[in-house]
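A.B. asks: Pasting a structure below so you can have a look.
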Amino acid sequence: MRPLFVRRARQLVTLAGSSAAPLVKEKMSDLAIMENGSVWIEHGTIVAVGPDDELARQFADRLAEAEVIDAKGKTVTPGLVDPHTHLVYAGSREHEWTMRLGGATYMEIMNAGGGIHATTNATRQASEEALYDESKRRLDQFLLHGVTTVEAKSGYGLSLEHELKQLETAKQLDDTHPVDVVSTFLGAHAVPPEWKHTPDEYVRLIIDEMIPEVSRRGLAEFNDVFCERGVFTPNEARRILEAGKAYGLTPKIHADEIEPYGGAELAAEVGAISADHLLRASDEGIRRMAERGVIGVLLPGTAFFLMTQAADARRLIDAGVPVALATDCNPGSSPTVSLPLVMSLACLHMGMTPAEAIAAATINAAHAIGRAHLVGSLEPGKKADLVIFQVPNYVQVMYYYGINHIETVIKNGKVVVKEGKVRI
């Protein structure tokens, strides 16, 4: 593979120096931007980052052998990282959207057999090949929107057989697609209809059968629970997360989305790497998260699509909680793959600045899935994952919202998106 030299970026957003710990408070605005910056890449790894004239001198005897990408007048950032998605599923639920527009609530739709249960039925019925093909098309779209690392949850199988099918599909995508796919087991996404009258038995199934088998097969790094009234109680969530820890699965939690339910407090108690949603998190829960360094993964696209008040990012950031952003890509409450749009929504509806949104969708997002030593910033030794935006500064990425400004995506030192097309 030839060296790759990305040159003369109007703004090179490096986020250098933030790999050891997620950015908090005012540090979330320190993007370590370099004007007229360049990056030298070899064998899929960043070798050097610096002013263009310095790198041109450093590698003068090798310029002729390098592939050169001129980023003059453009903005270059680390590859975007999406730390909360439901990538692998089958089917669509646009009919529920029309119901919601007519006044039905998320939980009303779910309790009537829609919501998660509808997607579970479609995912169970899909063949492995069909599930892979549908999810791959979705992953291609993530890549076109600048995402080079994505977390993928199960949770639409809700049985051992079909949870494993989802996780095996995610593993296959990680093996065959340029985007890195990091898997999370979410057997505790909902109680399936066949266990409706014996939910304790479903919790036992998760703890005694699902988690051990997922761990034995090495199909997930994280263990997640939808802790919400009518889904899983804090006590059930605690049991499931502690069981996962015993098998080497790091806790995550869907917390306090619909009402204050102790999810943020529980995330701190069990040492979760992140607590996600947090629209209704209590002051005490936020304080504990800050003390324990639990990352708050916020999902403004979900609140936008559900037509509800978004999480108060300003409140979390000011309290010292490290904040990340994610799409929550799923067929019911956030059917989007556009992390740049989510970044715009974070500024418009959650009180974040553009600089904070960039940090939240790169290095802090990488920390939220245990990948900050590999991705999320542009530093020597890290994976050569870069995005070139056709705008002169990072603010315009979010200011001109709903527009895909991406010209080029580089993954592991290889150009994988050019001029709006995936090149795999």
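The values are calculated or read from the model by the stated rules, or taken from the named source; none is laboratory data. Keep in mind that what you see is a predicted model, and the values were worked out from it rather than measured. Every residue, glycine as well, gets a Cβ built from its backbone with ideal geometry; the counts of neighbours run over all protein chains shown. Please note that ligands, DNA and RNA were not included when accessible areas were found on the heavy atoms of the full protein model with its side chains. Shrake-Rupley method; radii C 1.70, N 1.55, O 1.52, S 1.80 Å.
A.B. asks: Quick check on the range 328-337: of everything there that is within 15 Å of the chain's Cα centre (by Cα) and assigned to a loop (DSSP other than H, G, I, E, B), which residue is farthest from V150 (Cα to Cα)?
C.D. replies: P335
A.B. asks: Hey, another quick one. Scan the range 303-331 residue by residue and report those that are within 17 Å of A355 (Cβ to Cβ) and either open to solvent by 10 Å² or more (accessible area, probe 1.4 Å) or out of contact with any helix residue (DSSP H, G or I) (no Cβ under 9 Å at 6 or more places or on another chain) (or both).
C.D. replies: Selection gives R314, D318.
A.B. asks: Kindly indicate the residue of the range 184-206 that is among the hydroxyl-bearing types (S, T, Y) and surrounded by 18 or more Cβ atoms within 10 Å (Cβ to Cβ) and also nearest to G263 (Cα to Cα) among those meeting that condition.
C.D. replies: Among those that are among the hydroxyl-bearing types (S, T, Y) and surrounded by 18 or more Cβ atoms within 10 Å (Cβ to Cβ), it is T184.
A.B. asks: Scan the range 389-401 and report the pairs whose first residue is closer than 14 Å to L339 by Cα and whose second residue is of a type in the set (V, I, T) and part of a loop (DSSP other than H, G, I, E, B), with Cβ atoms within less than 8 Å and a gap of 6+ or a chain change.
C.D. replies: Filtered contacts from the range 389-401: V397/V391; Y400/V391.
A.B. asks: When the range 207-233 is examined, which residues are found to be open to solvent by less than 60 Å² (accessible area, probe 1.4 Å), over 24 Å from the mean Cα position of the chain (by Cα) and not polar (S, T, N, Q)?
C.D. replies: I207, P212, E213 - these are the residues of the range 207-233 that are open to solvent by less than 60 Å² (accessible area, probe 1.4 Å), over 24 Å from the mean Cα position of the chain (by Cα) and not polar (S, T, N, Q).
A.B. asks: Please give the number of the condition H84 fails out of (1) more than 30 Å from V323 (Cβ to Cβ); (2) crowded, with 19+ Cβ neighbours inside 10 Å; (3) of a type outside the set (D, E, K, R).
C.D. replies: (1)
A.B. asks: Can I ask one more? Name the single residue, out of those in the range 246-260 being more than 15 Å from A311 (Cα to Cα) and open to solvent by 10 Å² or more (accessible area, probe 1.4 Å), that is nearest to the chain's Cα centre (by Cα).
C.D. replies: Out of the qualifying residues, it is T250.
A.B. asks: Of all strands (runs of 3 or more DSSP E) completely enclosed by the range 1-109, which ones contain at least 2 residues that are more than 27 Å from the chain's Cα centre (by Cα)? Break it down stepwise before answering.
C.D. replies: Working: elements: 4-13, 33-42, 45-51, 67-70, 75-78, 80-82.
Ranges flagged: 4-13, 33-42, 45-51, 67-70.
A.B. asks: While we're here: Name every residue in the range 145-160 that is open to solvent by less than 30 Å² (accessible area, probe 1.4 Å) and either within 20 Å of A366 (Cα to Cα) or out of contact with any strand residue (DSSP E or B) (no Cβ under 8 Å at 6 or more places or on another chain) (or both), in order of residue number.
C.D. replies: Listed by number, the residues that qualify are G146, V147, T148, T149, V150, E151, A152, K153, S154, Y156, S159.
A.B. asks: Please enumerate the residues belonging to the range 103-138 that are among the charged types (D, E, K, R) and within 19 Å of M307 (Cβ to Cβ).
C.D. replies: Our first condition is that a residue be among the charged types (D, E, K, R); within the range 103-138, this holds for 108, 124, 128-129, 133-134, 136-138.
Within the range 103-138, E108 is the sole residue that qualifies.
A.B. asks: Here is a follow-up. Residues I273, I363, I295: which one is β-branched (V, I, T) and touching a Gly at 6+ places or on another chain (Cβ under 6 Å)?
C.D. replies: I363
A.B. asks: Checking the conditions here, which among V409, V395, V387, V416 is open to solvent by 50 Å² or more (accessible area, probe 1.4 Å) and not in a loop (DSSP other than H, G, I, E, B)?
C.D. replies: Details: V409 fails: open to solvent by 50 Å² or more (accessible area, probe 1.4 Å); V387 fails: open to solvent by 50 Å² or more (accessible area, probe 1.4 Å); V416 fails: open to solvent by 50 Å² or more (accessible area, probe 1.4 Å).
Exactly one of V409, V395, V387, V416 is open to solvent by 50 Å² or more (accessible area, probe 1.4 Å) and not in a loop (DSSP other than H, G, I, E, B), namely V395.
A.B. asks: Considering only residues that are open to solvent by 10 Å² or more (accessible area, probe 1.4 Å), farther than 24 Å from S183 by Cβ and not charged (D, E, K, R), which ones fall in the range 261-297?
C.D. replies: Passing the criteria: Y261, G262, L279, S282, A290.
A.B. asks: If you check L139, L186, L143, L158, which single one turns out to be touching a Ser or Thr at 6+ places or on another chain (Cβ under 7 Å) and not in a strand (DSSP E or B)?
C.D. replies: Matching residue, one of L139, L186, L143, L158: L158.
A.B. asks: Just to be sure before I move on: is A90 among the small types (G, A, S), touching a strand residue (DSSP E or B) at 6+ places or on another chain (Cβ under 7 Å) and touching a residue at least 40 places away in the same chain (Cβ under 8 Å) in the structure I sent?
C.D. replies: no
A.B. asks: Restricting attention to the range 60-71, does a residue exist that is touching a Ser or Thr at 6+ places or on another chain (Cβ under 9 Å) and either open to solvent by 60 Å² or more (accessible area, probe 1.4 Å) or touching a residue at least 24 places away in the same chain (Cβ under 8 Å) (or both)? Give the steps one after another, and end with the answer.
C.D. replies: First, pick out the residues of the range 60-71 that are touching a Ser or Thr at 6+ places or on another chain (Cβ under 9 Å): 69, 71.
Right, trim to either open to solvent by 60 Å² or more (accessible area, probe 1.4 Å) or touching a residue at least 24 places away in the same chain (Cβ under 8 Å) (or both) and you get 69, 71.
Yes.
A.B. asks: Here are some residues: G115, G50. Which one is farther than 30 Å from V297 by Cα, in contact with a helix residue (DSSP H, G or I) (Cβ under 9 Å, 6 or more places away or on another chain) and either buried (at least 23 other Cβ atoms within 10 Å of the Cβ) or of a type outside the set (F, W, Y) (or both)? Break it down into steps so the answer makes sense when it comes.
C.D. replies: Values: G115 fails: farther than 30 Å from V297 by Cα.
None of the others qualify; the one that does is G50.
A.B. asks: I'd like the full set of residues that are open to solvent by 10 Å² or more (accessible area, probe 1.4 Å) and part of a loop (DSSP other than H, G, I, E, B), limited to the range 161-183.
C.D. replies: H177, P178
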